[in-house]
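The values are calculated or read from the model by the stated rules, or taken from the named source; none is laboratory data. What you see is a predicted model, and the numbers here were worked out from it, not measured in a lab. Cβ sites come from the backbone with ideal geometry, for glycine too, and all protein chains shown count toward neighbours.
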């Protein structure tokens, strides 16, 4: 913990607190530095109080989901990192609001576990998320998805909590979801309410497994990566161009820089060797951007969030 960190920030808080907490194990890249404070609130009341205290003390706050879309630099992270992994934030509710087809999913819910539960219950609408590791908060924030659809296809409404601990509910029509983006405020996502439809469990399971197998056959799911590193850029007609194809055309499939390398299976997956460096991943990302710009005349933007003391938090995830 830094000397300037107020010692009373966590006093009496119903939360699991770790000072100078290593974050590498909390990310899919498996690299990076420490957080000054890692806080895991046990209740929504504790979360509200933590947000309020951080606001009063002007403390930087970041929210850590599954770590599947995150690169933490070796310099580490200042302020407070909140992880919503306690039962109050990881337990979903089927038949929410008395509706057999609604599911209430707090931000810490594992999307893949929820998908399996919905398939068993004969609830359709989440199969497009097969093979996409994410927490519900992170998936909602970035409108996670792929060629089969996005999480927003199933969303009814979303609740957010601001820096003062105040909660606001946003209807889907007010959010304006788009490709890898939601129009939600920069506040913490508290829960997502899903509107699903009835389906045959056997049919849904077959559909889910087919989508997962497609991803398994075409992506290096076993490697230390954060999934697709770059967004697919938009063409002039509004269609999306495959960033992986652009990187492949630039001759970078299998390219190595330090402890990081471009996957030989899917060029939009950048992986890190065990015990590697986050800075190698970031430097490789910049090399890829330069090469694609030079060879294809296209700018590609990183989809993965980058955290570090020198990087100010842009939004809570």
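Residue 268 meets the conditions (1) out of contact with any helix residue (DSSP H, G or I) (no Cβ under 6 Å at 6 or more places or on another chain); (2) touching a residue at least 24 places away in the same chain (Cβ under 8 Å); (3) farther than 15 Å from residue 23 by Cβ; (4) crowded, with 21+ Cβ neighbours inside 10 Å in every case but one. The failed one is (1). Total residues in the range 9-34 satisfying the condition of being in contact (Cβ under 8 Å) with a residue 24 or more places away in the chain and either at positive phi or within 18 Å of the chain's Cα centre (by Cα) (or both): the figure is 9.
Just to confirm my filter: which strands (runs of 3 or more DSSP E) fall fully inside the range 154-260 and include at least 1 residues that are within 23 Å of residue 133 (Cβ to Cβ) and in the same structural domain as residue 275 (by TED's automatic domain parsing)? Break it down stepwise before answering.
Values: elements: 155-161, 167-171, 188-195, 225-228.
Where strands (runs of 3 or more DSSP E) fall fully within the range 154-260 and carry at least 1 residues being within 23 Å of residue 133 (Cβ to Cβ) and in the same structural domain as residue 275 (by TED's automatic domain parsing), they are 225-228.
Scanning the range 291-305 turns up one or more residues that are more than 21 Å from residue 248 (Cβ to Cβ) and either in contact (Cβ under 8 Å) with a residue 12 or more places away in the chain or under 20 Å from the mean Cα position of the chain (by Cα) (or both). Candidates in the range 132-149 are the residues that are in contact with a strand residue (DSSP E or B) (Cβ under 9 Å, 6 or more places away or on another chain) and part of a strand (DSSP E or B); of these, the one that is surrounded by the most Cβ atoms within 10 Å (Cβ to Cβ) is 135. The residues listed here are 154, 202, 159; of these, the one that is out of contact with any strand residue (DSSP E or B) (no Cβ under 9 Å at 6 or more places or on another chain) and at negative phi is 202.
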